[in-house]
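Just so you know, all these numbers are worked out from the coordinates, no wet-lab data involved. Predicted, not measured: the structure shown is a model, and the values here were computed from it. Neighbour counts run over all protein chains shown; Cβ positions are idealised from the backbone, glycine included.
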């Protein structure tokens with residue numbers, strides 16, 4: 001895409017010609033409120049970081065500027081105290097559970113807040129992925145603290161059916177989840 005305006009897909013980070021209505025990679029409707037790169041020579045295969053806007057080399061798995069990992073279907077940002085992961089899939093299931101586990105493994109923060117507000121369905125494999133990343137017995141949970149928020153009634157019901165809600169830190173909002181990492185704020 002030479003010397004033309006390009007629109008960065010908010011879902012997957014793919015550079016698209018400004019004239020495109022839908023992302024050429026993931027099919028997401030492109031909005032004009034997304035990031036635009038104006039009048040700049042940008043390689044077709046460049047990976048633009050959605051957290052900081054840095055243009056990374058093709059095939060990059062982590063932003064070379066801010067170190068945020070890239071993953072289709074997830075939006076990752078970092079603050080001074082924690083990483084914030086938004087799951088952008090409607091379902092966390094067999095099809096995408098492994099990408100969730102791999103993404104969490106690549107995040108170099110001890111505190112991770114997970115936004116599940118876009119997830120409307122969770123199957124047993126998706127639940128297993130959440131348990132495997134948060135449980136210290138499986139390795140990743142040893143050094144990392146997790147807080148979840150934005151869960152729909154359906155997702156909470158699925159977690160309750162397997163009693164997983166008792167071992168996760170679930171909060172009603174992002175603000176409450178990050179308010180006090182050492183305090184005793186609790187679920188619901």
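Numbers for the structure displayed
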| item | result |
| --- | --- |
| Rounded if a/c under 1.5, otherwise prolate or oblate - the stretch 71-188, Cα gyration tensor axes | rounded |
| Full-stretch length increase - residue 98, residue 145 - with 0.36 nm per residue and alpha-carbon distance subtracted | 15.0 nm |
| Residue 156-residue 81 FRET efficiency (beta carbon distance; Förster radius 35 Å; 0.05 resolution) | 0.85 |
| Packing-based exposure ordering (other Cβ within 10 Å, fewest first) of 118, 166 | 166, 118 |
| Tensor-based shape of the stretch 97-166 (alpha-carbon gyration tensor, a/c under 1.5 rounded, otherwise prolate or oblate) | prolate |
| FRET E, pair residue 166, residue 66, Förster distance 41 Å, beta-carbon r, rounded to 0.05 | 0.70 |
| Difference of contour (0.36 nm per residue) and Cα-Cα distance, residue 106 to residue 121 | 2.9 nm |
| Global geometry of the stretch 55-106, whether rounded, prolate or oblate, following the gyration tensor of its Cα atoms and the 1.5 cut on a/c | oblate |
| Ordering of 86-93, 152-159, 57-64 by burial proxy (mean other Cβ atoms within 10 Å per residue, highest first) | 86-93, 152-159, 57-64 |
| Sequence of 111, 80 once ranked by neighbouring C-beta atoms within 10 Å, starting from the fewest | 80, 111 |
